[in-house]
Amino acid sequence: MANVAVIGAQWGDEGKGKIVDWLAERADMVVRFQGGHNAGHTLVVGENVYKLSLLPSGIVRGTPSVIGNGVVLDPWALKAEIERLAAQGVTATPETLRIADNCALILPFHRDLDGLREDASGAGKIGTTRRGIGPAYEDKVGRRAIRVCDLAHLDDLGPQLDRLTAHHDALRAGFGEPPIDRDTLVAELRAIADFVLQFARPVWRDLNLAKEAGKRILFEGAQGVLLDIDHGTYPFVTSSNTIAGSAAGGSGLGPAAVGFVLGIAKAYTTRVGSGPFPTELDGDGPDGATGERLGTRGYEFGTVTGRKRRCGWFDAVLVRQSAAVGGITGIALTKIDVLDGFEEVKICTGYRLRGEVIDYYPAHAADQALVEPVYETMPGWQESTAGARSWADLPAQAIKYIRRVEELIRCPVALVSTSPERADTILVRDPFAD
Ligand code: GDP
Ligand code: IMO
Ligand code: MG
């Protein structure tokens, strides 16, 4: 009986939330292991639409959900999200939600710094979600972070707070900002501490006990491999490792516990925020119109920030690379319905760089800016795939497209998603059965 890790295989927003929710029916626990409330996962169940940022998507089904140590946690965002979901009838209690007591916190000055840096960067900005993710991870790695367990010892924060504020006050001064008001910060933490602490536990222990008892664990990745701090389009990335290897380290389970790695990829490509995007369809000409058509059909607006997502054709080079570095065993191909009605569809199969064709994405920004996609064009399909729940419901040309994608990325398709709705999913190979 395998555990399953779900990770994004592109630049995020591939439909991870929908697939995690779908798989959660058969999981005993769902675990977030990296990122924070920069994530935005949309679940559609009948008339209800749930938008999750920090909470694991399993919470909607009531599957016990865990926020692992690899996540950076904003206590106020946590409270707001729990309250928002409660209004929709989804409750998070200490029985259904557990938070690692060694999780690093995102504090108000992390959010400030994220915004200040972005505003000061002009055209070179990363286009972050401004949630303080990067600055919070910097403090964690810099060994200055305040963690969930510290909330039970706020009177003893002295030297830790000295190091943290000394570091940040220097940075803030550079932006002309006043120093951190320590009394206000501690008072704010005191006001939220009990709320967070009711969920706090040594979750590594719970997870290891669950593993020993043969329970099924579903790991829920945020962002995508192309936003990974090491393997992504650096520096236009997020500040955590989004690959499947993080599921072990970010939850307190060994690597053998991870099991089947399900990479989620859209049948085309989107990106929100700055950074290179070889197959982007933009501009005033026909390419731009095709990009707009994808964006409109796919309703490509960010869940967290509402920003319009950039759109382009499927890039098999990038997804093949993601599958390799991400440790992906099988792909869930989502939003195939968005391609319905296109006369022809294109897939990027390689890049032309200085007269040569290469089969990988180069690391340096200058080379990344120079690569030109090499496309293969296939006829599209006029029939609707929307809502299809079995392979037999798909038009022949759509099947050909999926099979070609599989071949090019060198990774089998395990699931196909045909609408935002939970049940509109085709199971090709059961990740839990592997
Ligand atoms: P995540 O961040 O990977 O969880 O993805 P998001 O939720 O941010 O973005 C994916 C969007 O596509 C959401 O609005 C989903 O409801 C929607 N979606 C997911 N799968 C499908 C699909 O197969 N077809 C269509 N049309 N929409 C989908
Ligand atoms: P989900 O889990 C898409 C992008 C931001 C920016 C870069 C860095 O919904 O797929 P950050 O705030 O993390 O420092 O921003 O990463 N980004 C995402 N893009 N989906 C996400 O999450 C993202 N989380 C961060 O737009 O380009
Ligand atoms: Mg998203």
Problem - Residue match in region 81-91 (condition: closer than 21 Å to residue 241 by Cβ and open to solvent by 10 Å² or more (accessible area, probe 1.4 Å)) - result: no
Completion exercise
Flagged in region 1-51 as open to solvent by 20 Å² or more (accessible area, probe 1.4 Å) and among the β-branched types (Val, Ile, Thr), in numbering order, are 42, 44, 45, 49
Practice task
Only residues that are assigned to a loop (DSSP other than H, G, I, E, B) and either open to solvent by 30 Å² or more (accessible area, probe 1.4 Å) or among the β-branched types (Val, Ile, Thr) (or both): list them for region 224-241, please.
Solution key: 229, 230, 231, 233, 234, 235, 236, 237, 238, 239, 241
Practice task
Collect the residues in region 17-50 that are closer than 20 Å to residue 308 by Cβ and either within 8 Å of ligand 1 (Cβ to nearest atom) or among the small types (Gly, Ala, Ser) (or both), keeping them in residue-number order.
Solution key: 17, 39, 40, 41, 42, 49
Handout entry: Hits in region 352-364 (condition: open to solvent by less than 60 Å² (accessible area, probe 1.4 Å) and within 26 Å of the chain's Cα centre (by Cα))
Key = 361, 362
Handout entry: Within region 276-383, strands (runs of 3 or more DSSP E) holding 3 or more residues that are under 30 Å from residue 256 (Cα atoms)
Key = 330-334
Practice task
Would you check which residues across region 306-327 are out of contact with any Ser or Thr (no Cβ under 6 Å at 6 or more places or on another chain) and open to solvent by 20 Å² or more (accessible area, probe 1.4 Å) and list them?
Solution key: 306, 307, 308, 310, 320, 321, 324, 325, 327
Problem - Where a residue in region 130-150 is of a type in the set (Asp, Glu) and its partner, wherever it lies, is modelled with pLDDT under 95, with Cβ under 8 Å and at least six apart - result: 150/157; 150/160
Exercise for the section: Starting from region 207-227, take each residue that is within 17 Å of residue 271 (Cα to Cα) and list its partners that are part of a helix (DSSP H, G or I) and open to solvent by 40 Å² or more (accessible area, probe 1.4 Å), counting only C-beta distances under 9 angstrom and pairs at least six apart or across chains. Expected result: 225/321; 225/325; 226/321
Completion exercise
The correct count of residues that are at positive phi and either assigned to a helix (DSSP H, G or I) or more than 24 Å from the chain's Cα centre (by Cα) (or both) in region 209-223 is 1
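Inspect region 67-82 for any residue being out of contact with any Pro (no Cβ under 6 Å at 6 or more places or on another chain), part of a strand (DSSP E or B) and within 16 Å of ligand 3 (Cβ to nearest atom) and give the result as yes or no.
Initial filter on region 67-82 (out of contact with any Pro (no Cβ under 6 Å at 6 or more places or on another chain)): 67-82.
This time we only want the ones that are part of a strand (DSSP E or B), so: 67, 71-73.
Within this subset, residues satisfying the condition of being within 16 Å of ligand 3 (Cβ to nearest atom) are 71.
Yes; the residues of region 67-82 include at least one that is out of contact with any Pro (no Cβ under 6 Å at 6 or more places or on another chain), part of a strand (DSSP E or B) and within 16 Å of ligand 3 (Cβ to nearest atom).
The values are calculated or read from the model by the stated rules, or taken from the named source; none is laboratory data. All of these numbers come straight from a predicted model, not from anything done at the bench. FYI the Cβ positions are ideal-geometry reconstructions off the backbone, even for glycines, and counts take in every protein chain you see. Calculation scope for accessible area: heavy atoms of the full protein, side chains included, ligands and nucleic acids excluded. Shrake-Rupley method; radii C 1.70, N 1.55, O 1.52, S 1.80 Å.
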